[in-house]
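Inspection log for the structure reproduced underneath, given as structure tokens.
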Amino acid sequence: MFIDHYDLVFEFNNYQRRFIGNYKYDNATGNITAVWHYPAVMHDTLFAKILPGKAADNKILSGRMGKNDFRINLLRVNKGIR
């Protein structure tokens, strides 16, 4: 997962499962919603919450996309701008 100021990129297993979309993040609640614009055939919306992990650079992304629930452990790899 990659997040910048405008887009969220969500990729799993390989590059053929890469979704790119605009997102809204609520800093107060940790809720994040993404609407995908790539690939054009992807119509499911991501509804998730970013939760604290066990360390400062760890987070948990927990939510739903389409009919699938998920829980993903995230590790920050870019220590640059926050």
Which residue is modelled with the lowest pLDDT, if the candidates are limited to segment 30-47 and must be surrounded by 14 or more Cβ atoms within 10 Å (Cβ to Cβ) and under 16 Å from F12 (Cβ atoms)? M42
Just wondering, is there one or more residues in segment 48-63 that are more than 18 Å from V9 (Cβ to Cβ), of a type in the set (K, R) and outside any strand (DSSP E or B)? yes
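Please pick out the residue among N13, N73, N22 that is exposed (fewer than 13 other Cβ atoms within 10 Å of the Cβ) and assigned to a loop (DSSP other than H, G, I, E, B).
Checking each option against the conditions leaves just N13.
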Which of the residues belonging to segment 25-47 are part of a strand (DSSP E or B) and of a type in the set (S, T, Y)? Y25, T33, Y38, T45
Applying the selection to segment 1-43, what residues are among the β-branched types (V, I, T) and within 17 Å of G66 (Cβ to Cβ)? I20, I32, T33, V35, V41
Looking at segment 1-43, which of its residues are within 14 Å of the chain's Cα centre (by Cα) and among the aliphatic types (A, V, I, L, M)? M1, I3, L8, V9, I20, I32, A34, V35
Against the definition (of a type in the set (F, W, Y), in contact (Cβ under 8 Å) with a residue 12 or more places away in the chain, surrounded by fewer than 13 Cβ atoms within 10 Å (Cβ to Cβ) and out of contact with any helix residue (DSSP H, G or I) (no Cβ under 7 Å at 6 or more places or on another chain)), how does Y6 come out, yes or no? yes
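The values are calculated or read from the model by the stated rules, or taken from the named source; none is laboratory data. Everything quoted here is computed from the prediction, not taken from an experiment. In this analysis, Cβ positions are derived from the backbone assuming ideal geometry, glycine residues included, and neighbour counts consider all displayed protein chains.
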